Amino acid sequence: MSGSLGDVQGSLAALYENLQTLVLLLFTDPTQLSYGQAFVLVGVSVLLVATVVWTFFGRQNGTMVFINAVLRTFGTGQTKTGAGFTPGKVYVYGPPSVKAIPSLFPFSMKLETYLRMADIPYQPVHVWSTQGPKVCAYTSCNGKIPWIEYNGEAMGDSGLILEFLNKEKDVDLNQSLSEADKAVSRAFTKMVEESTYWGLVQSRYMDNYGKLHDLFELPWTVMFLVRSVGQREIRQMMRGHGIGRHSKEEIEGIMEKDLKAISSFLGAKPYLMGDEPTEVDAAVFGQLSEIVWTAPDSYLHRIVTVDYPNLLVYCNRIKDRYWSDWDQLTKKSKKDK
Ligand SMILES: N[C@@H](CCC(=O)N[C@@H](CS)C(=O)NCC(=O)O)C(=O)O
């Protein structure tokens with residue numbers, strides 16, 4: 001027994017010595033390192049960083065902090081705050097355009113559609129990470145996409161951003177609505193964002209994960225590596241929300257009823273509240289556009305395009321009116337370069 005303990009101690013000491021030699025070589029003459037040795041060093045460093053990050057942030061958050069740090073380092077994101085922003089200009093942080101759609105995130109589509117409806121000029125800043133620049137992660141942002149920077153201040157949540165910009169830019173897309181209309185608008189906005197959204201999440205990230213690398217235009221290896229962490233987090237979010245406690249069939253039933261409600265209320269009107277678009281149209285288009293243009297083989301797509309085709313007509317109406325640069329934006333995606 002004591003012999004085997006001694007063996008383990010001996011092996012650990014030898015491992016430690018070998019590592020010391022490798023680290024020394026790294027700092028004195030890295031060209032002497034073989035590929036195998038470099039691989040070992042990278043592996044050990046990753047483990048060390050993961051241990052430190054997990055210790056400080058907990059395993060779940062730590063992993064996301066780590067992934068976000070990698071994304072921030074190698075991604076295309078940049079921070080305008082403190083780097084010569086233009087006063088009065090809205091910088092919208094969100095993911096880059098892909099072949100399927102100008103933004104893969106429904107709340108980004110909502111925000112940008114609102115900005116276009118309200119005729120507020122903005123500049124998109126592309127990021128994959130939800131943590132955002134330091135100023136955002138630790139002050140007013142909530143670690144979700146999208147967020148904006150305005151006059152050097154960061155702010156998250158599409159709903160709060162709309163309220164803020166309405167005041168700041170003296171805009172009111174809802175001005176023609178009665179109080180009762182506003183109540184209906186709020187109910188539909190909350191339905192699509194707190195309920196229908198999760199149907200898309202389930203369909204996109206759980207049921208059709210295999211198609212994600214194509215949709216996100218990222219190497220399949222990246223999607224393969226983040227699959228278990230990403231899906232575990234989504235499963236926990238869906239469970240915490242409550243929708244994740246339902247069976248797949250029940251979730252599909254809920255989505256069917258949500259989409260039917262929008263279709264019935266829309267009827268033959270051009271926009272939800274009448275002849276002209278209001279804020280609720282930006283919110284509903286944000287979610288439906290993702291179903292129409294990013295989930296072609298899903299049951300959600302069938303509902304929107306076949307069962308309730310007025311929803312498809314509605315999406316195309318908004319796209320044609322406010323996204324005349326759609327093709328230009330989606331063509332700029334990596335795949336076409
Ligand atoms: N209430 C937020 C919701 C934003 C949201 O859920 N964004 C998603 C992407 S569409 C996100 O950042 N998810 C990552 C996470 O929750 O960690 C808003 O209106 O902006």
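Quick notes on this structure:
- Yes/no for L218 being assigned to a helix (DSSP H, G or I), out of contact with any Leu (no Cβ under 7 Å at 6 or more places or on another chain), without any contact (Cβ under 8 Å) to a residue 12 or more places away in the chain and within 23 Å of P102 (Cβ to Cβ): no
- First in region 9-31 and on the phi < 0 side of the Ramachandran plot, second anywhere and at pLDDT 85 or above and assigned to a loop (DSSP other than H, G, I, E, B), Cβ under 6 Å, 6 or more apart: L25/L33
- Hits in region 87-109 (condition: within 10 Å of the ligand (Cβ to nearest atom), in a loop (DSSP other than H, G, I, E, B) and among the polar types (S, T, N, Q)): S103
- Unmet criterion (only one of (1) surrounded by fewer than 19 Cβ atoms within 10 Å (Cβ to Cβ); (2) of a type outside the set (K, R); (3) touching a helix residue (DSSP H, G or I) at 6+ places or on another chain (Cβ under 8 Å); (4) under 20 Å from P102 (Cα atoms)) for Q231: (4)
- Any chance I243 is more than 18 Å from L311 (Cβ to Cβ) and in contact with a Gly (Cβ under 7 Å, 6 or more places away or on another chain): no
- Any chance E250 is surrounded by fewer than 20 Cβ atoms within 10 Å (Cβ to Cβ), at pLDDT 95 or above and farther than 22 Å from L162 by Cα: yes
- Count of residues meeting criterion [more than 10 Å from the ligand (Cβ to nearest atom), out of contact with any helix residue (DSSP H, G or I) (no Cβ under 9 Å at 6 or more places or on another chain) and in a helix (DSSP H, G or I)] in region 143-173: 4
The values are calculated or read from the model by the stated rules, or taken from the named source; none is laboratory data. All figures in this text were calculated on a predicted structure; none of them were measured in a lab. Heads up, the Cβs are rebuilt from the backbone with ideal geometry, glycines too, and the neighbour counts pull from every protein chain shown.
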